[in-house]
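First comes the structure, then the notes that go with it.
The values are calculated or read from the model by the stated rules, or taken from the named source; none is laboratory data. Predicted, not measured: the structure shown is a model, and the values here were computed from it. Every residue, glycine as well, gets a Cβ built from its backbone with ideal geometry; the counts of neighbours run over all protein chains shown.
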Amino acid sequence: MPQSSARTDPARAVIFSPLDGSGRAELVEQRLTDAIVSGVLRDGERLPSEAELARSLGVALVTAREALVALRHKGLVRTRRGRDGGSFVTYDRDASTRLIDGRLRAASRIELRDLSILVSAIAGMAAEVAADRASDDDVQSLVEIDARADLANTGGARRAVGRFQLEVAAVSQSPRLVHEELRLQAETGVLLWLCLRQQEYRDRSREARLEVIDAIRRADGASARRATVDHITSAVEWLVDEKARLESAPATDAAPTRPRTTEGSRS
């Protein structure tokens, strides 16, 4: 087997990777909103300074500042002055649920199906190539990511999925696949893995990871790709069903009515 590939910090890499396109304040706002409502950025966490945020995302200082103002208006960030000041995440579960559900309502079924095709193409290929190139150390790294997964709440499960898929892309030793995985997680991850609100799907996500790890260990690229694509397809099918439920619910129904397992405390 080849030597182990380089590692990165997946959650931070996804959130604070450079934006594609014009770097508008709306894109920065959406990136950080998704990170907060998905639980990757946690309640009370201090954000980078405006200058650090602008530099990491590849945008102008004024763009980062405008995005933070918008986040404050949404109630997702608060700013404190002074030596220990800065911008801090203020996570509100009900508000975050409404934001994500609104985004799902706005997405068409065609867009959701297209999302499945695109993410499956990138993640599936990464898994297939990883199975051919993984070292024993690479496999062990994937095992450790799965072992550390916190499936007691949505945020923990979402972080585990993101870290695992990014690590698989890193194991493929393809910088382009890593870049695309980063981009797709930043743009679509919070919506794609909305099914992780439910414990059933959090358990399914772990089963999928174990299948992928086993296939990579056996250097079975076809099985690694199939398990990855099946996982993504299942998540998108859940989204389509959830969108139909939201559209049929009364306009005043702010809270989801679909039965869900009560989550543990956020980590």
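Please state which one of Ala60, Ala126, Ala70 is aliphatic (A, V, I, L, M) and assigned by TED's automatic domain parsing to the domain that holds Arg206.
From the options Ala60, Ala126, Ala70, the qualifying one is Ala126.
Tell me yes or no: at least one residue of region 21-29 is of a type in the set (A, V, I, L, M, F, W, C) and modelled with pLDDT of 90 or more.
Within region 21-29, not a single residue is of a type in the set (A, V, I, L, M, F, W, C) and modelled with pLDDT of 90 or more.
Which of the numbered conditions does Leu184 fail, given that it passes all the others? Conditions: (1) touching a helix residue (DSSP H, G or I) at 6+ places or on another chain (Cβ under 8 Å); (2) over 29 Å from Leu104 (Cα atoms); (3) at pLDDT below 95; (4) surrounded by fewer than 22 Cβ atoms within 10 Å (Cβ to Cβ).
Status for Leu184: all satisfied but (2).
Sort out for me the helices (runs of 4 or more DSSP H) sitting completely within region 86-177 that have 3 or more residues that are modelled with pLDDT of 90 or more and touching a helix residue (DSSP H, G or I) at 6+ places or on another chain (Cβ under 7 Å).
109-133, 136-147, 154-171
Specify the residue that is farthest from Gly155 (Cα to Cα); the eligible residues are those in region 200-235 that are surrounded by 22 or more Cβ atoms within 10 Å (Cβ to Cβ), in contact (Cβ under 8 Å) with a residue 60 or more places away in the chain and among the basic types (Lys, Arg).
Out of the qualifying residues, it is Arg225.
Out of (1) over 17 Å from the mean Cα position of the chain (by Cα); (2) within 18 Å of Thr233 (Cα to Cα), the odd one out for Leu115 is which?
Evaluating Leu115 over (1) over 17 Å from the mean Cα position of the chain (by Cα); (2) within 18 Å of Thr233 (Cα to Cα) leaves (1) as the failure.
Any residue at all in region 149-156 that is buried (at least 24 other Cβ atoms within 10 Å of the Cβ), over 29 Å from Glu247 (Cα atoms) and not basic (Lys, Arg)?
No: region 149-156 contains no residue that is buried (at least 24 other Cβ atoms within 10 Å of the Cβ), over 29 Å from Glu247 (Cα atoms) and not basic (Lys, Arg).
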